Amino acid sequence: MKFFTQSPAEQIAIVMRRVYDRGLTTATGGNISIMDEHDNIWITPKGFDKGSLTKEDIICVHPDGTYEGKHEPSSEIFFHRATYRARPDFRAVVHAHPVFCIAFSLTRTLPRVDLLPDTLSRCKRMRFSKYAMMGSPELGENMFAEFSKGADVVFLENHGVCVGGNNLLTAYQLFETIEFAAKLDLLSRKLGAPRAVTGEQHARWESRKGLVSGDAARTVGQREQSLRAEMVQKLHRGCEHGLVFGTSGVVSARVDANSYLITPDGMDNDLLDEDDLVFVQNGVPEMGKIPAIETALHTAVYAQHAKMNAVFSAVPVHVAAFACANQRFETSTVPESFYMLRSVPNAPFEEFVAAPKQAAAHFSEKTPVVLFENARIITTGESLFTAFDRLEVAEATAASILTARDAGQIILLNDEEIQAMKTTFHLE
């Protein structure tokens, strides 16, 4: 991953384009900045199309207020300065107007973040800033007041959300996570009272340990190289479609009977290169790399199921609503959903976190998908494409059910129709 080798201007252009492409802001909405080691603030330009931003468009504002660049700096430079004053540990700030954060901005309430351990871990310190005119020094002072109290996330009344971090990637990931949490909160309400992560469950999640790096050098074969390219392509597409995110989502693929590739621990999925993927053989990772913390579960799936050659572990937001609901995730909605997913069982959070062999035992040829409560949906397949397709179908199915609740009473395929499908397509 080459992100941190690039200049502040290049990093901002990459992340701002990502914000826009994910639909998290409008063409001229939002602004991003980085403070460098000389206390210069690199910031997006005023009134410029965020969908076509390049590094040449980024402005460098010096501590004395003078600036260099082709455009004027963002009109929100006041609150970026104020945020850095309030939090000297911040080196990057992201502000935008994503739809679900705006919903809470308008109601002046904070979203629940206790439905998944990921959001509970990352979104601990949230506050509200009083309304002030955009671009005004008053807005900057209001932001200073809240960030100086230790907030990492500040909702702006009738405006949007602002986050900070010790680097731009961390700040963006927090921004992405709080919008996910806001959307999950509202979606989960359609399924009744959601099930929150308990303190004990969160402690177990935080205390998880993965494998350490191995010490063996190796040569990459043609099959492995091909799998690396396909895994990165699927990961990037998954990020584009909201199936996986920068900080959540793991994919693996079997290379041979004793080895597989898996995503690395602690790296952003949308920025991964083929060389970042980790080769694991007989439980030992390749030299100099640390695999995803879920490696033990993927190892158990491959050990127990010889025909499963790929695994996706993810938490797309509509599926996540079912993961934290006290309702079953029904797949007998349309023929494709049942054909691809079959009946999806719920499995305990504790198995996902601490009992990989038990978790892996839920899968079979007739049960390729399992939903782990308050954690992840795991899809498997004989190929990467099939495992990815199942993840995509699962999210589309969950979204259609939640949407249908606004349209009227949901009527599922009946037992006779399901049995006919099982017989026709040999699903039993």
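Can you tell me which of (1) under 28 Å from ALA196 (Cβ atoms); (2) at pLDDT 95 or above is the one GLY381 doesn't meet?
(1)
Given the condition part of a helix (DSSP H, G or I) and either farther than 21 Å from ALA355 by Cβ or out of contact with any Leu (no Cβ under 8 Å at 6 or more places or on another chain) (or both), answer yes or no: does some residue in region 213-222 qualify? Walk me through how you get there before you give the answer.
Initial filter on region 213-222 (part of a helix (DSSP H, G or I)): 222.
Adding the requirement that they be either farther than 21 Å from ALA355 by Cβ or out of contact with any Leu (no Cβ under 8 Å at 6 or more places or on another chain) (or both) leaves 222.
The answer is yes; a qualifying residue exists.
Working carefully through the options LEU110, LEU53, find the one that is modelled with pLDDT of 95 or more and of a type outside the set (Asp, Glu). Spell out the reasoning first.
Numbers: LEU53 fails: modelled with pLDDT of 95 or more.
Just a single option satisfies the conditions, and that option is LEU110.
Take region 259-290 and flag every residue that is surrounded by 17 or more Cβ atoms within 10 Å (Cβ to Cβ) and assigned to a loop (DSSP other than H, G, I, E, B).
THR263, ASP265, MET267, ASP268, LEU272, LEU277, GLU286, LYS289, ILE290
Being of a type in the set (A, V, I, L, M, F, W, C), free of Cβ contacts under 8 Å to residues at least 60 places away in the same chain and on the phi < 0 side of the Ramachandran plot: is that true of LEU235 here? Please lay out each step first, then the result.
On the way: of a type in the set (A, V, I, L, M, F, W, C): yes; free of Cβ contacts under 8 Å to residues at least 60 places away in the same chain: yes; on the phi < 0 side of the Ramachandran plot: yes.
The answer is yes for LEU235.
Can you tell me how many residues within region 366-416 are within 21 Å of the chain's Cα centre (by Cα) and assigned to a strand (DSSP E or B)?
8
Identify, from the list VAL344, VAL311, VAL232, VAL244, the residue that is under 18 Å from ASP389 (Cα atoms) and assigned to a strand (DSSP E or B).
Numbers: VAL344 fails: assigned to a strand (DSSP E or B); VAL232 fails: assigned to a strand (DSSP E or B); VAL244 fails: assigned to a strand (DSSP E or B).
On inspection, the qualifying residue turns out to be VAL311.
Please find, among ALA394, ALA399, the residue that is surrounded by fewer than 18 Cβ atoms within 10 Å (Cβ to Cβ) and in contact (Cβ under 8 Å) with a residue 40 or more places away in the chain.
ALA399
Taking the condition basic (Lys, Arg), under 17 Å from the mean Cα position of the chain (by Cα) and assigned by TED's automatic domain parsing to the domain that holds ASN282, does ARG342 pass? Quick ask: steps written out before the conclusion?
On the way: basic (Lys, Arg): yes; under 17 Å from the mean Cα position of the chain (by Cα): no; assigned by TED's automatic domain parsing to the domain that holds ASN282: yes.
So ARG342 fails the test.
When you go through PHE90, PHE104, PHE78 one by one, which is the residue that is within 29 Å of the chain's Cα centre (by Cα) and farther than 30 Å from VAL353 by Cβ?
Values: PHE104 fails: farther than 30 Å from VAL353 by Cβ; PHE78 fails: within 29 Å of the chain's Cα centre (by Cα).
Exactly one residue qualifies, and that residue is PHE90.
The values are calculated or read from the model by the stated rules, or taken from the named source; none is laboratory data. None of these values were measured; they are calculated from a predicted model. Every residue, glycine among them, receives a Cβ derived from its backbone with ideal geometry; neighbour counts consider all protein chains shown.
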